[in-house]
Amino acid sequence: GESVGLHLPTLSVQEGDNSIINCAYSNSASDYFIWYKQESGKGPQFIIDIRSNMDKRQGQRVTVLLNKTVKHLSLQIAATQPGDSAVYFCAEAGGTSYGKLTFGQGTILTVHP
Amino acid sequence: EAGVVQSPRYKIIEKKQPVAFWCNPISGHNTLYWYRQNLGQGPELLIRYENEEAVDDSQLPKDRFSAERLKGVDSTLKIQPAELGDSAVYLCASSLVFGIKNIQYFGAGTRLSVL
């Protein structure tokens, strides 16, 4: 069936570096995407979203890039900090049900001081 | 503004026992979701409510799981009887759907351990 997946399950970076977390999706009908951050013992926290009519969106220290041609989504975190250490999930919605988010497996980001 | 509130945070029960989880969504959010998250995986939708109506319960194991959202605000999710495989984190989320935009805000979850 349709799914959202991640290329790399773990990512380790040094404090101050930029981080890039990737996500591949297979549902060509997806037209809305969200990145969530989940820290240990907490629920997923919204980071940034993007609609399919855009290919780039920026927030505070984060940028999401969408490449619909290859069905690829990425989250860039600038000047990564230890507090950014968490599991990052991409999620997609669209097609027949905008209310349903399909989550990928997640990428563990570890930031070393 | 208060976020999504869930209780209890942790629950340990023996198999075949019943268990219930409670969720209070963000004020004004008409849509409420229950997800199950297994270790190392993303959340998986169990049921979605729009106001009082369950509009998507296709992933809810109806032989043992039930949910309700009386008055379109708080919601409870129940498992009876619980099985070992039900051990997971149960997350509640709410959103105010505006066209295509649907940012779901999550509670901290209830970690269920079935022994």
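Observations on the model:
- Restricting the stretch B:50-67 to residues that are at pLDDT 95 or above and in a strand (DSSP E or B) leaves a set whose member that is nearest to B:I100 (Cα to Cα) is B:A67.
- Residue in the stretch A:73-83 that is among the hydrophobic types (A, V, I, L, M, F, W, C) and within 10 Å of chain B (Cβ to nearest Cβ) present: no
- Selected residue (criterion: nearest to B:R69 (Cα to Cα)) from residues of the stretch B:100-112 that are open to solvent by 60 Å² or more (accessible area, probe 1.4 Å) and facing chain A (nearest Cβ under 8 Å): B:Y105
- Note on the stretch B:87-115: residues that are assigned to a strand (DSSP E or B) and free of Cβ contacts under 8 Å to residues at least 12 places away in the same chain total 2.
- Of the residues making up the stretch A:88-101, those that are in contact with a strand residue (DSSP E or B) (Cβ under 8 Å, 6 or more places away or on another chain) and open to solvent by 40 Å² or more (accessible area, probe 1.4 Å) are A:Y98, A:K100.
- Filter result (surrounded by 17 or more Cβ atoms within 10 Å (Cβ to Cβ) and more than 13 Å from chain B (Cβ to nearest Cβ)) within the stretch A:47-64: A:V62, A:T63, A:V64
- Residue that is open to solvent by less than 60 Å² (accessible area, probe 1.4 Å), closer than 19 Å to B:S95 by Cβ and more than 12 Å from the chain's Cα centre (by Cα), where the choices are B:N24, B:N30, B:N38: B:N30
- Selection within the stretch A:8-67 - among the hydroxyl-bearing types (S, T, Y) and assigned to a strand (DSSP E or B): A:T10, A:S12, A:S19, A:Y25, A:S30, A:Y32, A:Y36, A:T63
The values are calculated or read from the model by the stated rules, or taken from the named source; none is laboratory data. None of these values were measured; they are calculated from a predicted model. Quick reminder, even Gly has a Cβ in these numbers, built from the backbone with ideal geometry, and neighbours come from all protein chains shown. Note: accessible area is taken over every heavy atom of the protein model, side chains too, but ligands, DNA and RNA are not part of it. Shrake-Rupley method; radii C 1.70, N 1.55, O 1.52, S 1.80 Å.
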